[in-house]
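> One structure, pasted below without further comment.
The values are calculated or read from the model by the stated rules, or taken from the named source; none is laboratory data. The structure presented is a predicted model; accordingly, all values stated were derived computationally and were not measured. Counting neighbours? That spans all protein chains shown, and the Cβs are built from the backbone with ideal geometry, glycine included. In case anyone asks, the SASA skips ligands and DNA or RNA and just uses the protein heavy atoms, side chains included. Shrake-Rupley method; radii C 1.70, N 1.55, O 1.52, S 1.80 Å.
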2 protein chains.
Amino acid sequence: MGFIRNLDGGFSVIENLEVSGAREGKFGVTIIVSRGSTASAVFTSNNVVAAPVKYTKKAIKNGRISAVFVNSGNANCFTGEQGFKDCETLVELISRDLKIPKDEIAISSTGVIGREMPIDIISKVAYESLSKLGNKAENSLAAARAIMTTDTFPKECAVEVTLTNGETVKIAGITKGSGMIAPNMGTMLSFIVTDAVIPANQINKALKKAADVSFNMIVVDGDESTNDTCLMMANGASDVEAVNDGEVDVNFQEALNYLCIDLAKKMARDGEGATKFIEANVFGAKDSEDAKLASKSIISSSLFKSAVFGGDPNWGRIVSAIGYSGCDLNPDIITISIADGEDEVDLVRKGEILAFENTPYLERAEKIMQSKNVIVNIDMDLGEGQATAWGCDLTYDYVKINAEYTT
Amino acid sequence: MGFIRNLDGGFSVIENLEVSGAREGKFGVTIIVSRGSTASAVFTSNNVVAAPVKYTKKAIKNGRISAVFVNSGNANCFTGEQGFKDCETLVELISRDLKIPKDEIAISSTGVIGREMPIDIISKVAYESLSKLGNKAENSLAAARAIMTTDTFPKECAVEVTLTNGETVKIAGITKGSGMIAPNMGTMLSFIVTDAVIPANQINKALKKAADVSFNMIVVDGDESTNDTCLMMANGASDVEAVNDGEVDVNFQEALNYLCIDLAKKMARDGEGATKFIEANVFGAKDSEDAKLASKSIISSSLFKSAVFGGDPNWGRIVSAIGYSGCDLNPDIITISIADGEDEVDLVRKGEILAFENTPYLERAEKIMQSKNVIVNIDMDLGEGQATAWGCDLTYDYVKINAEYTT
């Protein structure tokens with residue numbers, strides 16, 4: 001894909017954009033200002049929805065967002081009417097300071113559920129963040145840091161893409177998410193800005209497509225958050241249209257997929273307590289829906305995740321996870337291999353088991369399972385469906401982090 | 001329920017029944033002989049099915065089982081044609097020794113997937129088990145022990161039930177299951193015998209009803225096994241019919257539910273690495289399907305399970321788990337409380353949050369979360385649906401046990 005080039009600097013690659021981040025203890029505030037942007041977002045499908053999600057769903061209806069306010073440390077979820085008032089207070093604060101109409105401000109929160117927002121401290125950090133707005137690489141990094149909760153590293157990605165007509169635009173994004181990460185959005189917040197010109201309804205279509213192959217294909221623990229938000233803005237600073245004949249440019253869509261997959265993989269790699277990264281590739285499934293079921297089932301299995309942590313080549317757990325995923329399969333023709341980027345070994349080849357005890361296959365598998373990157377490849381040999389899902393191992397630290405989170 | 005009385009002694013309470021168990025290292029063999037029994041069974045819904053499950057599905061079609069052979073230490077799953085031959089070898093061995101027709105023998109396995117059956121050692125342990133058949137309490141206990149894998153204690157239950165016509169019959173059962181326990185059967189094996197007279201098709205109906213409120217309502221890790229089997233035999237030793245007018249006696253059904261719930265709770269309490277037992281009761285759901293979704297979602301949440309391990313009253317994770325379960329809910333009228341058998345405290349009452357920080361509600365909740373038994377009660381206030389699900393905490397030891405299982 002020669003039309004996509006990686007860039008350094010996160011949001012700083014986009015013109016007419018200012019970002020900032022500030023933090024006091026566990027409370028962080030990230031602000032993204034991209035005036036006059038068209039915008040769309042996808043949200044959690046949890047039936048319990050945080051106040052800021054409700055607020056932003058309403059704000060984004062007009063397809064126009066100029067600023068995003070994000071706080072970490074408190075989810076502002078299950079906080080009743082007060083929670084909604086707190087959203088208004090914070091939006092009001094941003095609106096006054098930046099002279100942006102309230103209905104062009106989105107708000108997003110991540111943290112503990114069912115605790116009143118500590119509005120005083122969050123307002124204080126908000127003012128500090130506002131005072132630091134800028135368009136340098138360090139501003140983007142500060143923004144990526146301020147939204148972190150149990151994340152261990154900030155997550156940014158920026159690309160330049162050459163459209164089919166030869167013109168170039170840029171896309172940049174930041175994300176957070178570490179626990180409560182499940183298919184159909186976890187506690188993940190992702191904010192993406194492009195300098196292309198795209199109407200809000202086309203952003204919506206492109207973002208949904210990209211989320212389906214990226215954020216919706218990672219699982220850390222199967223718990224789905226009440227606050228997930230992936231919001232994308234297009235500020236048009238490049239004056240380049242990314243829509244041809246009423247469709248998003250195919251290169252732009254590829255680049256957006258690439259960026260979202262990069263951010264999603266960073267989330268999986270930084271899953272709570274993770275020491276290893278898991279990729280499951282399923283080929284030859286009956287259809288792509290089946291391939292998704294199978295690949296997600298593998299990276300979601302607590303048993304396989306524990307085996308990866310321990311470096312135990314217990315590949316029967318892969319078989320079992322595919323079996324209960326609900327996808328069509330025929331054990332007599334399936335091929336299963338594992339790889340680590342250097343070696344790849346077949347465990348089962350067209351239904352024939354190779355990795356019995358005391359075989360070189362199992363010995364090589366043991367070595368691969370020690371790697372920091374464990375790749376599972378499945379060929380179902382049933383059709384054309386394929387999908388990739390990403391996850392991480394289940395570790396003592398996952399339990400530790402989540403046994404101690406609020407106290 | 002005065003018509004149900006607990007009995008000691010497991011299978012020893014049933015006449016015309018012999019059981020035994022023997023073990024060598026990780027390989028155990030349990031044998032249950034109940035000649036001329038009508039029988040039925042429910043099996044895993046995993047699409048990958050172990051050889052013994054395929055074998056027993058066929059054997060039980062005629063509704064008649066006289067003996068059950070069970071081995072632990074190897075699942076005989078994903079073992080190709082050889083796996084099926086190994087089933088035949090073992091059934092042949094039992095058939096010759098006990099002079100029971102081969103088509104009246106069921107076989108069941110639990111252990112590692114994708115490894116050839118070590119047929120020599122299992123045959124040897126089988127002969128040892130055969131030599132120990134008896135009808136004492138110690139025989140039943142040995143049988144319950146020999147099917148254990150990572151279980152930490154043997155699981156038996158026996159009851160006497162007074163039917164609606166005043167006559168009494170007995171039901172006894174053993175079970176194992178510790179990891180790979182999920183709704184719709186985990187790696188759980190359960191064997192139940194009654195001395196009542198019941199045709200196989202009625203056993204089937206009664207067993208499905210009982211499994212739905214017991215084995216299918218426990219979750220340890222959400223991984224569903226390839227080998228699950230719950231098999232029930234009726235040997236008619238009491239000469240008492242447990243069927244009236246073509247329906248299973250209601251008291252008998254209650255007693256069977258009671259026995260299966262007792263066995264299921266023992267499995268949940270002994271979940272791999274568990275230090276605490278969790279019960280989730282959902283009342284007032286739209287319907288019983290919704291109540292099941294919500295209660296299972298709570299006890300399945302890795303985040304809530306970790307919080308229980310840490311004694312952390314992070315009740316927002318309960319809210320989140322109900323939210324993504326897919327059930328109907330209205331946060332404005334829901335009531336959520338937690339209890340430990342001594343104290344019960346409302347966290348949310350009719351939508352109003354009580355358990356904010358520094359409140360006595362949260363302090364009491366903290367204390368309850370330290371208990372060995374954490375009970376979550378939810379009143380959705382939407383309808384008549386109710387359900388109970390059981391599980392356990394997620395601990396360092398769960399990870400440890402599963403990181404080291406095959407190696």
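> Taking the condition within 14 Å of chain A (Cβ to nearest Cβ), of a type in the set (V, I, T) and in contact (Cβ under 8 Å) with a residue 40 or more places away in the chain, does B:V49 pass?
Yes.
> Quick one: in segment B:335-358, which of the residues that are within 12 Å of another protein chain (Cβ to nearest Cβ) and either in a loop (DSSP other than H, G, I, E, B) or aromatic (F, W, Y) (or both) is surrounded by the fewest Cβ atoms within 10 Å (Cβ to Cβ)?
Here the answer is B:N358.
> Filter segment A:247-272 down to the residues that are touching a helix residue (DSSP H, G or I) at 6+ places or on another chain (Cβ under 8 Å) and assigned to a loop (DSSP other than H, G, I, E, B) and list them by number.
A:G271, A:E272
> Only one of these conditions is not met by A:Y361: (1) touching a Gly at 6+ places or on another chain (Cβ under 7 Å); (2) buried (at least 16 other Cβ atoms within 10 Å of the Cβ); (3) not charged (D, E, K, R). Which number is it?
(1)
> Next up: Would you please name the residue that is farthest from the other protein chains (Cβ to nearest Cβ), looking only at residues in segment A:375-407 that are more than 20 Å from A:I298 (Cβ to Cβ) and of a type outside the set (D, E, K, R)?
The first filter runs over segment A:375-407 and keeps only residues more than 20 Å from A:I298 (Cβ to Cβ), leaving A:396-397, A:399-407.
Retained after the next criterion (residues that are of a type outside the set (D, E, K, R)): A:396, A:399, A:401-403, A:405-407.
Numbers: A:Y396: 5, A:V399: 5, A:I401: 8, A:N402: 3, A:A403: 3, A:Y405: 6, A:T406: 5, A:T407: 5 Å.
The qualifying residue farthest from the other protein chains (Cβ to nearest Cβ) is A:I401.
> Is one or more of the residues making up segment A:125-147 assigned to a loop (DSSP other than H, G, I, E, B) and under 20 Å from the mean Cα position of the chain (by Cα)?
Looking for residues that are assigned to a loop (DSSP other than H, G, I, E, B) and under 20 Å from the mean Cα position of the chain (by Cα), one finds at least one in segment A:125-147, hence yes.
> Still on this model: Just for strands (runs of 3 or more DSSP E) wholly inside segment B:17-123: which have at least 3 residues that are β-branched (V, I, T)?
B:27-43, B:64-74, B:105-112
> Where residues in segment A:287-312 are in a loop (DSSP other than H, G, I, E, B) and among the small types (G, A, S), which of them is nearest to B:N47 (Cα to Cα)?
The extreme case among them is A:S301.
> On to the next question. Could you identify the single residue in B:V68, B:V91, B:V42 that is open to solvent by less than 10 Å² (accessible area, probe 1.4 Å), over 22 Å from A:I353 (Cβ atoms), touching a Lys or Arg at 6+ places or on another chain (Cβ under 9 Å) and not hydroxyl-bearing (S, T, Y)?
None of the others qualify; the one that does is B:V91.
> For segment B:364-374, does any single residue satisfy the condition of being assigned to a helix (DSSP H, G or I), among the acidic types (D, E) and more than 7 Å from chain A (Cβ to nearest Cβ)?
Yes; the residues of segment B:364-374 include at least one that is assigned to a helix (DSSP H, G or I), among the acidic types (D, E) and more than 7 Å from chain A (Cβ to nearest Cβ).
> So A:G323 clears everything in (1) part of a helix (DSSP H, G or I); (2) open to solvent by 40 Å² or more (accessible area, probe 1.4 Å); (3) within 8 Å of chain B (Cβ to nearest Cβ) except one condition, right? Which one?
Failing condition for A:G323: (2).
> List the residue pairs whose Cβ atoms are under 9 Å apart, where the first residue sits in segment B:378-407 and is in contact (Cβ under 8 Å) with a residue 24 or more places away in the chain and open to solvent by 10 Å² or more (accessible area, probe 1.4 Å), the second is part of a loop (DSSP other than H, G, I, E, B) and of a type in the set (F, W, Y), and the two are 6 or more positions apart or on different chains.
Sorted first by the residue in segment B:378-407, then by its partner, the list stays empty.
> Restricting the first residue to segment A:131-143 and requiring it to be among the small types (G, A, S), which pairs with a second residue that is in a helix (DSSP H, G or I) meet a Cβ separation below 8 Å and a spacing of at least six or different chains?
Pairs found: A:A137/A:G10; A:A137/A:S12; A:S140/A:G10; A:S140/A:F11; A:S140/A:S12; A:A143/A:G10; A:A143/A:F11.
> Pairs please, first residue from segment B:299-310 and facing chain A (nearest Cβ under 8 Å) and under 14 Å from B:E272 (Cα atoms), second anywhere and among the aromatic types (F, W, Y) and open to solvent by less than 10 Å² (accessible area, probe 1.4 Å), Cβ atoms under 8 Å, 6+ apart in sequence or on different chains.
As it stands, the answer is B:S302/A:Y398; B:S306/A:Y398, since those pairs meet every condition given.
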